């Protein structure tokens with residue numbers, strides 16, 4: 001390594017799937033998404049709709065591009081998700097006063113009420129995943145995952161040529177750089 005630091009990955013040891021960071025993250029993400037999707041389904045919500053609603057409760061209205069970066073969703077897909085949420089009365093879409101070409105999205109009172117209804121279940125589920133893990137370790141894990149996220153986004157200079165998922169990653173990196181964050185705190 002150019003930095004002189006020892007690699008956290010034992011490069012001279014045999015590869016073990018159960019020790020692979022990608023494998024562990026992917027397995028955890030699959031289980032987290034599936035169990036949370038079960039809760040959302042009871043409220044007739046998808047995970048992308050939930051991300052849109054919670055992203056909008058974080059602050060003011062956002063453009064579709066800002067929302068796509070915030071929610072970690074491809075813009076064309078997010079546009080359909082927003083239309084569905086608008087049809088259900090959960091969000092409003094309107095033309096930006098500053099840029100007539102841009103569409104902005106805001107959450108409605110019904111959308112906020114739905115977030116308030118689901119949030120205790122979301123927090124209880126997250127608490128069950130973290131049961132028995134000391135708070136300091138959870139804080140360290142979150143910082144580490146944000147740093148990992150930032151490293152992954154910045155480790156691919158050729159993002160533009162790498163397809164749809166990396167297009168989302170490029171938007172998210174741009175948002176992360178603009179805000180000074182290490183990336184989104186939650187999925």
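Read the figures in this text as sums done on the coordinates, not as results from a lab. Predicted model, so just to flag it, every value in this text is computed and none were measured. Using ideal geometry, Cβ is built from the backbone for each residue, glycine included, and neighbour counts are taken over all protein chains shown.
Our note on the geometry: Cα centres of the stretch 122-148 and the stretch 22-78, 18 Å apart. Between residue 38 and residue 116, the FRET efficiency estimated from the beta carbon spacing at R0 = 22 angstrom works out to 0.65.
Rounded, prolate or oblate for the stretch 31-74? Axes are the square roots of the Cα gyration tensor eigenvalues, ordered a ≥ b ≥ c, and the cut-off for rounded is a/c under 1.5. Verdict is prolate for the stretch 31-74. For the stretch 19-131, the Stokes-Einstein estimate of translational diffusion at 25 °C and a viscosity of 0.890 mPa s comes to 163 µm²/s, using the Kirkwood hydrodynamic radius over alpha-carbon pairs.
A Förster radius of 30 Å, combined with the Cβ-Cβ distance separating residue 154 from residue 124, puts the computed FRET efficiency at roughly 0.30. Site pair residue 20 and residue 77 shows an inter-label distance of 2.2 nm when each label is modelled 7 Å from Cα along Cα→Cβ.
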